[in-house]
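These notes concern the structure reproduced below.
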Amino acid sequence: MSTRNVLVINCGSSSIKFALVGESRADFPLHGLAERLGSADAILRWQHDNQRHEQAIAGSDHRAALAALLPLVEQAADGSLHGIGHRVVHGGEHFTAAGLIGADTLAAIRATTPLAPLHNPANLLGIEAAMAVFPELPQVAVFDTAFHQTLPAHAYRYALPEALYRDHGVRRYGFHGTSHRYVSHRAADMAGLATGDSSWLCAHLGNGASTCAIVNGQSQDTSMGLTPLEGLVMGTRSGDVDPNLHGHLARTLGWSLDKIDAMLNKESGLLALSGGLSNDMRSLEQARDQGHAGATLAIEVFCYRLAKSLAAMSCALPRLDGLIFTGGIGENSALIRSKTVASLGLLGLVIDHEANAACVRGQSGAIHAAGHPRILVVPTNEERQIALDTLALLDPVL
Ligand code: ADP
């Protein structure tokens with residue numbers, strides 16, 4: 001059987017992250033990042049078969065960057081590229097799964113822009129550029145929100161006037177769906193359970209972070225809401241605060257909405273709790289080891305809030321088949337895993353410290369003490385999941 005290749009694209013307003021995913025190959029033959037697009041410093045960096053390369057692409061926009069990428073992709077795919085998978089942040093209530101991109105899909109993504117004013121326009125830019133550079137290939141949109149469209153109303157509705165939901169789509173959507181879906185399938189495989197008969201708590205802990213309750217392969221609740229600001233403490237995002245904070249800061253300090261938005265999204269979280277030291281967990285762990293009070297506090301609050309969120313998510317589970325850790329922090333930080341689990345004794349969760357210390361740098365495995373519910377470290381792979389979704393929408397190989 002010939003193997004199929006998919007180019008996976010994740011566009012920001014001035015960047016394109018890309019990976020060539022081969023159906024039957026675990027690593028990516030080609031992956032990289034084009035950044036500072038639209039500026040004189042625009043640059044394309046890539047890794048091909050473990051060799052690093054870079055090329056200045058001064059002044060390139062998204063389309064020019066993809067055009068520069070085209071020959072590299074064709075070479076790495078050996079002339080056999082079957083489709084393009086795009087990560088799209090917000091699919092609103094319109095998208096419950098990945099979809100082939102046509103005029104209707106583009107219009108629906110555009111119509112969802114008010115819910116993701118920074119992300120969706122950048123994703124559209126990438127889709128339109130890819131359609132121009134790869135006109136003959138099918139393109140698929142894979143949404144961060146789609147997995148959570150199975151949330152029941154009691155989990156997705158805010159206690160707000162109904163018209164805000166009905167006319168303006170104000171509800172909880174959730175994000176990181178591609179990652180929660182991928183790792184929950186992998187966890188079921190690792191545990192020897194059928195995804196369709198399994199029940200998980202999941203913590204995706206990267207720069208953004210969220211928890212999820214996954215029952216029989218479907219998301220039942222998640223910590224992010226209308227936007228990716230709700231829920232856990234993150235690198236620079238506050239997570240949950242008193243909803244009166246906006247009014248309080250406007251009234252007492254005269255802050256504008258823009259200033260409050262920027263503060264909550266870019267100047268809060270681990271960065272703020274550590275007294276401005278860092279938004280990066282690895283740096284905070286090092287500083288904590290040296291007795292830094294801010295780093296110590298940031299880690300305490302992060303783990304306590306994470307444990308609290310996981311305990312809340314357990315309300316959506318009929319039973320607990322296990323807790324999954326993923327994302328850069330979840331996959332690498334034995335400290336964060338052990339401190340979080342230490343607050344979850346009432347769920348019966350107990351960590352095996354030796355196994356916990358061994359699961360770092362891409363090593364998956366079980367880290368629970370014998371006789372207690374499973375705790376699994378499962379490296380996420382959103383690019384592979386996007387490629388799988390893309391292939392599932394193409395004609396099967398003959
Ligand atoms: P993104 O959400 O941008 O994809 P990642 O999933 O790569 O982010 O996660 C980034 C986070 O993972 C950072 O806070 C980083 O410090 C943390 N991280 C990576 N390696 C380690 C490690 N060995 N110990 C603790 N934290 C780590």
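The values are calculated or read from the model by the stated rules, or taken from the named source; none is laboratory data. What you are looking at is a predicted structure, and each value in this text was computed from that prediction instead of being measured. FYI the Cβ positions are ideal-geometry reconstructions off the backbone, even for glycines, and counts take in every protein chain you see. The area values use the complete protein model at the heavy-atom level, side chains included, leaving out ligands, DNA and RNA. Shrake-Rupley method; radii C 1.70, N 1.55, O 1.52, S 1.80 Å.
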Taking θ as phi - 60°, what are the ³J(HN,Hα) couplings along segment 72-78 by the Karplus curve (6.51, -1.76, 1.60), each to the nearest whole Hz, with x for Gly and Pro? 5, 5, 4, 5, 5, 8, 6
By accessible area with a 1.4 Å probe, ligands and nucleic acids excluded, highest first: order of 162, 35: 162, 35
Out of 272, 190, 257 - ranked by how far each Cα lies towards the positive end of the dipole of segment 166-286, with unit charges on the beta-carbon of charged residues - the top one is 257
Tell me, what HN-Hα J-couplings in whole Hz come from the Karplus equation 6.51 cos²θ - 1.76 cosθ + 1.60 at θ = phi - 60° for each residue of segment 13-23, using x for Gly and Pro? 5, 10, 8, 9, 9, 9, 8, 8, 10, x, 4
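Before anything else, pin down the relative contact order of the chain: Cα pairs under 8 Å, at least 6 apart, normalised by residue count, whole percent.
On the way: 843 pairs, mean separation 55.1, N = 398.
So the answer I get is 14 percent.
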By accessible area of protein heavy atoms, probe 1.4 Å, what ranking do 133, 241 get, highest first? 241, 133
Interchain or sequence-distant (5+) residues whose placed amide H lies within less than 5 Å of the amide H of residue 221 are 213
Please give the solvent-accessible surface of residue 259 in Å², to the nearest 10, using a probe radius of 1.4 Å with every protein chain present. 100
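Taking all protein chains in place and a 1.4 Å probe, what share, in percent, of the accessible surface of segment 323-375 do carbon and sulfur account for? List each step's numbers first, then the result.
Numbers: 1220 of 2310 Å².
Answer for segment 323-375: carbon and sulfur cover 53 percent of the accessible area.
Before I look further, what does the chain give for accessible area per residue, probe 1.4 Å, in whole square angstrom? Let's see the in-between values first.
Values: 17910 Å² over 398 residues.
Spelled out: the 1.4 Å probe surface of the chain, per residue, equals 45 Å².
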Choose one answer from 344, 70, 253: the residue with the largest mean-square fluctuation in a GNM of the chain with alpha-carbon springs under 10 Å. 253
Residues of type aspartates and glutamates that residue 259 reaches as a straight line, Cα spacing below 13 Å, ignoring anything fewer than 8 places off in the same chain: 267
Among 90-96, 169-175, how do they line up by average Cβ neighbours within 10 Å per residue, starting with the highest? 169-175, 90-96
The long-range amide H neighbours of residue 352, using H built 1.01 Å from N in the peptide plane and a cut-off of under 5 Å, are 368, 369
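Using the crude model of +1 on Lys and Arg Cβ and -1 on Asp and Glu Cβ, and no other charge, please compute the dipole size for the chain relative to its Cα centre, in debye to 20. Please report the intermediate quantities before stating the final value.
Values: 29 positive and 37 negative charges, 142 e Å.
Dipole about the Cα centre, nearest 20: 680 debye.
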Surface accessible to a 1.4 Å probe, residue 300 within the full protein complex, Å²: 80
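Counting helices only, and only those DSSP H runs with n ≥ 4, report the 222 nm mean residue ellipticity of the chain as the sum of -39,500 (n - 2.57) divided by its residues, in deg cm²/dmol to the nearest 500. Before the final figure, lay out each step's value.
Details: 15 runs with 152 residues, N = 398.
That calculation yields -11500 deg cm²/dmol at 222 nm.
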Please compute, for the alpha-carbon atoms of the chain, the extent along each of the three principal axes and give them in descending order in Å. 55, 55, 47
